[in-house]
Amino acid sequence: MWDKLWYGATIATCAANAKDYGLLKNAGIAIKDNKIVWVGNINELSSDIHSLAHELINAEGMTITPGLVDCHTHLVYAGNRANEFAMRLHGATYQQIAEQGGGILSTVNATQQASFDELYNQSAVRLQQLIANGVTTVEIKSGYGLTAAAEIKQLEVVKKLAQNYPITISPTFLAAHALPPEYKNRADDYINYVCEETLPHIIKNKLADTVDAFCEKIAFTPTQVERIFIEAKKYGLAVKLHAEQLSDSEGTQLAAKYGALSADHLEFVSEAGIAAMAKNNMTAVLLPGAFYFLRETHQPPIELLRKYHIPIAIATDCNPGTSPTTSLTLMMNMASVLWRMTPEEALRGVTINAAKALGLNKTHGSLEVNKVADFVLWKINHPDELIYNIGSVQPECIIKNGKCSRIKAKKGNDI
């Protein structure tokens, strides 16, 4: 017998080979040993449902979606930059804020100075918010440490969060995020430091399964990023890239050359970059929160991504400087309103396509037989309502690995 059967719901399977939502009416989903063993219309079942499962759950009036996947976050950091937000609204420029100790280095300083427990407890609050909003899988990057010790501390916090919370976490070493002040005008030396000092320790202690970098005029060149990718690939790590956010640096072509899982941001990506992504089966990760918060006007080329059949994922980009949000449903609404993505594209962007951006699409991101039993029950009649409502729909029930998810966990000082 099945362990549990939810019945009577509208189900959006978001299966890779399905059209749009993969919508099923009067449908059910069954699990056994924490995996999905059946999903379909209840009328397809030849036996009385009471004889099929140990536990039956009436889900009439509910819509069931896969557990949401947030595939790009910088969730582990200390402090916040609300004061800089206010300064910008009063007319201060980025350079003026930076000269007063603001910008990314203010977060770096706060993260470096925070104890493990302080960093854990601040980050746990944000993770709880993600879970409460229906996220069952999340990627978390380092990148606010910049020293080996601080980057390792961030990733150790990620590891402890994964142990204490009912959520799948994909840890990413953001190897080249910003240049530390002590390496001013010596970016190549910093890349050497990352490759020779930080990366080996992270690999030895299995703190990350993916390596990321920021390829941009204000960050690191393709040549510098390539050095990191070569080292990562030596150890069998996957790679991904912050690319083409502010200009076309041809980082996407570099990412494609090294078989990257995704290229993220992409407001300025060229058709040549998109063609390279298509050839190498990459996912485009779009970040509407940062686009909105920075009041950008140059939109990512949605039509070109569609033309080349690039899977489009959407993420919160949760970070203190450009996207301080933990609402993935709000990001779906933004992607649809700001960039005219369809509701179907938006939901697939936070489920099956987001799972693909993490290399997890064989086990997560859709409601299909043999996949992990991660799904969310919403008290709505149709999945369109998730995107239509401006981040206001809350889950009725979150199922993680076949169990009802709870967000209680140990505090840092209880570890």
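Considering each residue of segment 235-252 in turn, at least one proves to be closer than 21 Å to Asn353 by Cβ, acidic (Asp, Glu) and either within 21 Å of the chain's Cα centre (by Cα) or outside the structural domain of Thr198 (by TED's automatic domain parsing) (or both).
What's the total number of residues in segment 245-267 that are surrounded by fewer than 24 Cβ atoms within 10 Å (Cβ to Cβ), under 21 Å from Cys318 (Cα atoms) and touching a Ser or Thr at 6+ places or on another chain (Cβ under 8 Å)? Residues that pass the stated criteria total 0. Select from segment 322-363 the residues that are of a type in the set (Ser, Thr, Tyr), assigned to a loop (DSSP other than H, G, I, E, B) and more than 18 Å from Ile310 (Cα to Cα) and list them in ascending order. Matches in segment 322-363: Thr322, Thr325, Thr326, Ser327, Thr363.
Return yes or no: is Ala373 crowded, with 21+ Cβ neighbours inside 10 Å and more than 18 Å from the chain's Cα centre (by Cα)? Criteria met by Ala373.
Of all residue pairs spaced 6 or more apart or on separate chains, those with beta-carbon atoms under 6 Å, a first member in segment 333-357 that is assigned by TED's automatic domain parsing to the domain that holds Asp264 and a second member that is of a type outside the set (A, V, I, L, M) and part of a helix (DSSP H, G or I) are Met334/Pro288; Met334/Tyr292; Ala335/Pro288; Leu338/Pro288; Pro343/Asp384; Ala346/Ser336. Does Glu151 satisfy the condition of being touching a Leu at 6+ places or on another chain (Cβ under 7 Å), buried (at least 22 other Cβ atoms within 10 Å of the Cβ) and among the charged types (D, E, K, R)? Judged against the criteria, Glu151 is not a match.
As a summary of the residue check, Val239 satisfies the conditions (1) surrounded by fewer than 23 Cβ atoms within 10 Å (Cβ to Cβ); (2) closer than 22 Å to Asp188 by Cβ except for the one numbered (1). From the list Glu118, Glu139, Glu156, which one is modelled with pLDDT of 95 or more, among the acidic types (Asp, Glu) and in contact with a strand residue (DSSP E or B) (Cβ under 7 Å, 6 or more places away or on another chain)? When all the criteria are applied, what remains is Glu139. When the residues of segment 156-171 are narrowed to those that are in contact (Cβ under 8 Å) with a residue 60 or more places away in the chain, assigned to a helix (DSSP H, G or I) and closer than 27 Å to Tyr190 by Cβ, which ends up nearest to the chain's Cα centre (by Cα)? Once the filter is applied, the top-ranked residue is Val158. Among the residues making up segment 305-322, those that are more than 15 Å from Val269 (Cα to Cα) and within 13 Å of the chain's Cα centre (by Cα) are Ala313, Ile314, Ala315, Thr316, Asp317, Cys318, Asn319. When the test is whether a residue is outside the structural domain of Ala219 (by TED's automatic domain parsing) and over 30 Å from Ala208 (Cβ atoms), Lys19 passes it.
The values are calculated or read from the model by the stated rules, or taken from the named source; none is laboratory data. As the structure is a computational prediction, the values presented were derived from the model and not from experiment. So basically every Cβ, Gly included, is an ideal-geometry build from the backbone, and we count neighbours across all protein chains shown.
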